[in-house]
Amino acid sequence: QLQLVESGGGKAQPGGSLTLSCVASGNIASINIMVWYRQAPGKQRELVASIAGPKIINYAESVKGRFTISRDFAKNYIYLEMSSLEHEDTAAYYCNLKNIQSSPYSVRDYWGQGTQVSVSS
C-alpha cells in the first residue's frame, strides 16, 4: 500500500557527517508530512525533523544547526544531512510518512525499516 525505504546509515566519528535518504512509494495522500525519528537503545523514539512543505520544517532542539532535512516533492524523497555528529546521535533512524485526511480528519502513519547510525571514535 505504501512503502518507505531508508538508506545511508553507517558509522561516523564525532564531528563527522552522514546523509540519510528515504523514498516513499504507493498510496501517498496529497496532504502529508514526512518525518525522521530516531530511537537510541533504552530510550523512547523521538522526532528529529519534519517537513510538510518547502517552508514548513521543524527540528528537535538537540539537532538544530547540525541537521538539515530536505525533500524532493516530485520524487517523494526526503533526506537528512547530519553534520557535527555527536555520540548522542547514535540511534536507529526511522523514516515516517503521515497521510492526512482533512474531512473527516485522520492521520495514518507509515514507517520505514530503520537505518542505524553509530557515532564513535
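The values are calculated or read from the model by the stated rules, or taken from the named source; none is laboratory data. What you are looking at is a predicted structure, and each value in this text was computed from that prediction instead of being measured. With ideal geometry, Cβ positions are generated from the backbone for all residues, glycine too; neighbour counts draw on all protein chains shown. For accessibility, only protein heavy atoms count, side chains too; no ligands or nucleic acids. Shrake-Rupley method; radii C 1.70, N 1.55, O 1.52, S 1.80 Å.
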Report summary line: Note on region 85-121: residues polar (S, T, N, Q) and over 17 Å from the mean Cα position of the chain (by Cα) are 101, 102, 103, 106, 120, 121
Report summary line: Only one of 62, 30 is within 26 Å of residue 100 (Cα to Cα) and small (Gly, Ala, Ser), namely 30
**Report entry** Residue in region 65-110 that is most open to solvent (accessible area, probe 1.4 Å), counting only those that are within 28 Å of residue 27 (Cβ to Cβ) and assigned to a loop (DSSP other than H, G, I, E, B)
**Finding:** 75
Query raised in the report: Is it true that some residue in region 5-14 is open to solvent by 60 Å² or more (accessible area, probe 1.4 Å), closer than 26 Å to residue 106 by Cβ and at pLDDT 95 or above?
Result: yes
Query raised in the report: Taking region 47-56, which residues are open to solvent by less than 60 Å² (accessible area, probe 1.4 Å) and over 23 Å from residue 26 (Cα atoms)?
Result: 48
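Within region 1-17, how many residues are of a type in the set (Gly, Ala, Ser) and on the phi < 0 side of the Ramachandran plot?
5
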Query raised in the report: Quick one: residue 44 ticks every box in (1) part of a loop (DSSP other than H, G, I, E, B); (2) in contact (Cβ under 8 Å) with a residue 12 or more places away in the chain bar one, so which box is it?
Result: (2)
Query raised in the report: For region 18-27, does any single residue satisfy the condition of being on the phi < 0 side of the Ramachandran plot, surrounded by fewer than 15 Cβ atoms within 10 Å (Cβ to Cβ) and without any contact (Cβ under 8 Å) to a residue 12 or more places away in the chain?
Result: no
